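Notes follow the structure.
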Amino acid sequence: MSGVKPSLMPVEQALEALLKLAENAPIQDVESVLIDEAEGRVLAEPLVATLDLPPWPNSAMDGYAVRQQDLNGEPLRVSQKIFAGTQPEPLEPGSCARIFTGAPMPENADSVEMQEHVEVLGDGRVRFLEAVRLEQHVRPQGGEARQGDEVLAAGVRLGPIELGLAASLGVPRLTVSRKIKVALLSTGDELVDPGATLNPGQIYNSNRVLLRHWLQRLGCEVIDAGIVPDDLNKVRACLTGLGEADLILSTGGVSVGEADFLGQVLREEGELNLWKLAIKPGKPLTYGSYRGVAVIGLPGNPASTLVTFGLLARAYLLRRMGVSEVEPLSAQVPAGFSWTKAGNRREYLRARLEGGRAVLYYNQSSSILRSAAWADGLVELPEHTCLEEGDPVRFIPFSELLG
């Protein structure tokens with residue numbers, strides 16, 4: 001029927017479609033990297049424990065190692081002192097051992113009492129003042145992991161904690177997915193790089209700087225294709241030179257306008273799908289391909305770029321790298337604002353937490369990047385929703401989206 005606008009695509013549907021596309025084009029190449037170079041990389045093979053962790057029983061306290069059958073109420077002599085990093089002698093019957101945190105338990109000892117609960121007598125013997133449970137304050141061999149256990153699954157992004165765990169197993173190298181290569185370009189005669197002189201009608205290109213650093217944080221290899229002018233031949237030449245990329249990521253200019261040369265090239269020599277999303281900011285999003293290379297086109301307004309990359313393109317990239325969990329962590333917090341204008345698109349409002357409540361930046365225009373610099377994250381406002389102050393809202397921290 002003429003005059004009827006096509007329905008807008010829900011955010012969940014767009015995300016599901018992008019993740020399926022990503023799963024159909026995984027980065028399959030892997031490489032072995034030193035543990036000190038693995039920060040942010042994606043584990044390509046499960047990390048399996050090559051030894052028990054800990055490799056032997058050890059003390060969880062500074063205190064005294066003892067054998068239960070020797071605890072008869074009488075003071076015990078101290079037969080040895082055991083520091084971390086030393087090999088103890090077997091515990092002599094009728095004695096205890098001075099032991100320090102992390103030190104290996106001596107053979108025959110089965111419990112540890114902390115030093116605060118003993119009395120050291122004048123002759124050096126030790127009286128135990130409280131009942132000592134079997135295996136009290138003893139870290140058992142293999143208590144954290146047994147040899148052969150899978151301690152990290154493939155698809156985990158390696159951060160400081162995961163790398164520390166690998167180090168505790170003595171692993172010097174890790175097998176990770178190759179970095180995904182992202183060709184980043186901006187389109188439009190109105191854009192110039194920071195530092196250049198602005199001519200009438202021109203603006204500085206913030207999106208390319210924003211996305212380049214964001215991509216690098218995500219562990220991508222960035223191919224900076226620069227600013228592509230509104231010229232059909234130059235656009236075609238630029239795209240032709242990006243065949244080594246896994247993804248071409250563009251901002252602005254992919255639509256059906258007269259100056260939409262990027263879209264024209266994709267329609268003529270590749271594939272282009274224009275999705276109109278039920279999201280604000282960032283309604284127009286494109287996905288396609290050029291000579292076998294995937295293409296995602298983000299809207300050009302800075303806040304729109306931020307929201308659509310953070311919620312959609314980021315997940316696509318992580319899934320292609322093999323990351324299993326791509327959904328950012330979020331929390332329900334009370335709204336520090338009221339919202340009376342329910343819309344037909346899901347809105348993502350730049351906000352920060354003050355006193356545990358989400359407070360909005362006063363200007364939510366899609367052209368205002370300062371709103372995001374002020375904010376801690378995004379408040380998700382579902383379609384057709386009004387709020388009163390104090391109502392629960394979903395808050396997505398930028399720390400979840402940027403890393």
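The values are calculated or read from the model by the stated rules, or taken from the named source; none is laboratory data. Computed from a prediction, not measured in an experiment: that's the story for all the values here. Methodologically, a virtual Cβ is constructed for each residue, glycine included, from the backbone with ideal geometry; neighbour enumeration extends over all protein chains shown. For the accessible areas, the whole protein counts, side chains as well, though only heavy atoms, and no ligand, DNA or RNA atoms are used. Shrake-Rupley method; radii C 1.70, N 1.55, O 1.52, S 1.80 Å.
Between I27, I35, the distinction of being surrounded by fewer than 18 Cβ atoms within 10 Å (Cβ to Cβ), in contact with a helix residue (DSSP H, G or I) (Cβ under 7 Å, 6 or more places away or on another chain) and modelled with pLDDT of 95 or more belongs to I35 only. Taking the stretch 29-55 as the range and being of a type in the set (D, E, K, R), touching a strand residue (DSSP E or B) at 6+ places or on another chain (Cβ under 8 Å) and assigned to a loop (DSSP other than H, G, I, E, B) as the test, the residues that pass are D29, R41, E45, D52. Note on the stretch 179-188: residues that are assigned to a loop (DSSP other than H, G, I, E, B) and open to solvent by less than 50 Å² (accessible area, probe 1.4 Å) total 2. The set of residues from the stretch 88-136 being open to solvent by 60 Å² or more (accessible area, probe 1.4 Å) and among the hydroxyl-bearing types (S, T, Y) comprises just one member, T101.
Each residue in the stretch 45-55 was checked for being within 24 Å of the chain's Cα centre (by Cα) and either of a type in the set (D, E) or open to solvent by 30 Å² or more (accessible area, probe 1.4 Å) (or both), and 3 pass. Restricting attention to the stretch 143-161, the residues that are among the small types (G, A, S), touching a strand residue (DSSP E or B) at 6+ places or on another chain (Cβ under 6 Å) and open to solvent by 50 Å² or more (accessible area, probe 1.4 Å) add up to 0. Out of L51, L71, one residue alone is under 18 Å from L134 (Cα atoms) and out of contact with any Gly (no Cβ under 6 Å at 6 or more places or on another chain). It is L71.
Under the condition of being assigned to a loop (DSSP other than H, G, I, E, B) and open to solvent by less than 60 Å² (accessible area, probe 1.4 Å), which residue from the stretch 232-248 is nearest to L185 (Cα to Cα)? Talk me through it step by step, then tell me what you get.
Step one: filter the stretch 232-248 for residues assigned to a loop (DSSP other than H, G, I, E, B), giving 241-246.
Next, from what is left, pick out any that are open to solvent by less than 60 Å² (accessible area, probe 1.4 Å): 241-243, 245-246.
On the way: G241: 12, L242: 10, G243: 14, A245: 12, D246: 14 Å.
Per the criteria, the residue is L242.
Only a single criterion out of (1) in contact with a Gly (Cβ under 6 Å, 6 or more places away or on another chain); (2) modelled with pLDDT under 95; (3) of a type in the set (A, V, I, L, M, F, W, C) is not satisfied by L8, namely (1). Summed over the stretch 189-219, the residues that are assigned to a helix (DSSP H, G or I), among the polar types (S, T, N, Q) and touching a Ser or Thr at 6+ places or on another chain (Cβ under 8 Å) give a count of 1. Only residues that are touching a residue at least 60 places away in the same chain (Cβ under 8 Å), of a type in the set (K, R) and part of a loop (DSSP other than H, G, I, E, B) were counted across the stretch 94-153, and they come to 1.
Does L277 satisfy the condition of being in contact (Cβ under 8 Å) with a residue 12 or more places away in the chain, open to solvent by less than 20 Å² (accessible area, probe 1.4 Å), closer than 11 Å to L18 by Cα and touching a Leu at 6+ places or on another chain (Cβ under 9 Å)? Give the steps one after another, and end with the answer.
Working: in contact (Cβ under 8 Å) with a residue 12 or more places away in the chain: yes; open to solvent by less than 20 Å² (accessible area, probe 1.4 Å): yes; closer than 11 Å to L18 by Cα: no; touching a Leu at 6+ places or on another chain (Cβ under 9 Å): yes.
When the stated conditions are applied, L277 does not pass them.
Screening the stretch 315-383 for strands (runs of 3 or more DSSP E) wholly inside it with 1 or more residues that are within 21 Å of the chain's Cα centre (by Cα), aliphatic (A, V, I, L, M) and surrounded by 20 or more Cβ atoms within 10 Å (Cβ to Cβ) returns the ranges 346-354, 377-381.
Can you confirm whether the stretch 194-205 contains a residue that is out of contact with any Asp or Glu (no Cβ under 8 Å at 6 or more places or on another chain) and touching a residue at least 24 places away in the same chain (Cβ under 8 Å)? Walk me through how you get there before you give the answer.
We begin by selecting, within the stretch 194-205, every residue out of contact with any Asp or Glu (no Cβ under 8 Å at 6 or more places or on another chain); these are 194-200.
With the extra rule that they be touching a residue at least 24 places away in the same chain (Cβ under 8 Å), the set shrinks to none.
No, the stretch 194-205 contains no residue that is out of contact with any Asp or Glu (no Cβ under 8 Å at 6 or more places or on another chain) and touching a residue at least 24 places away in the same chain (Cβ under 8 Å).
Among the residues of the stretch 56-87, those that are in contact with a Lys or Arg (Cβ under 9 Å, 6 or more places away or on another chain), outside any loop (DSSP other than H, G, I, E, B) and open to solvent by 60 Å² or more (accessible area, probe 1.4 Å) comprise R77, K81. Scan the stretch 209-217 and tell me whether some residue there is loosely packed, with under 14 Cβ neighbours inside 10 Å, closer than 30 Å to V48 by Cα and in contact (Cβ under 8 Å) with a residue 12 or more places away in the chain. Within the stretch 209-217 (the criterion being loosely packed, with under 14 Cβ neighbours inside 10 Å, closer than 30 Å to V48 by Cα and in contact (Cβ under 8 Å) with a residue 12 or more places away in the chain), the answer is yes, since at least one residue qualifies.
Pairs are defined by a Cβ separation below 8 Å, a sequence spacing of at least 6 or placement on different chains, a first member in the stretch 353-377 that is of a type in the set (V, I, T), and a second member that is open to solvent by 60 Å² or more (accessible area, probe 1.4 Å) and assigned to a loop (DSSP other than H, G, I, E, B); no pair meets this definition. With respect to (1) open to solvent by 10 Å² or more (accessible area, probe 1.4 Å); (2) modelled with pLDDT under 95, the lone exception for G288 is condition (1). May I ask you to list the residues in the stretch 384-403 that are in a loop (DSSP other than H, G, I, E, B) and open to solvent by 60 Å² or more (accessible area, probe 1.4 Å)? H384, C386, E388, E389, listed by residue number.
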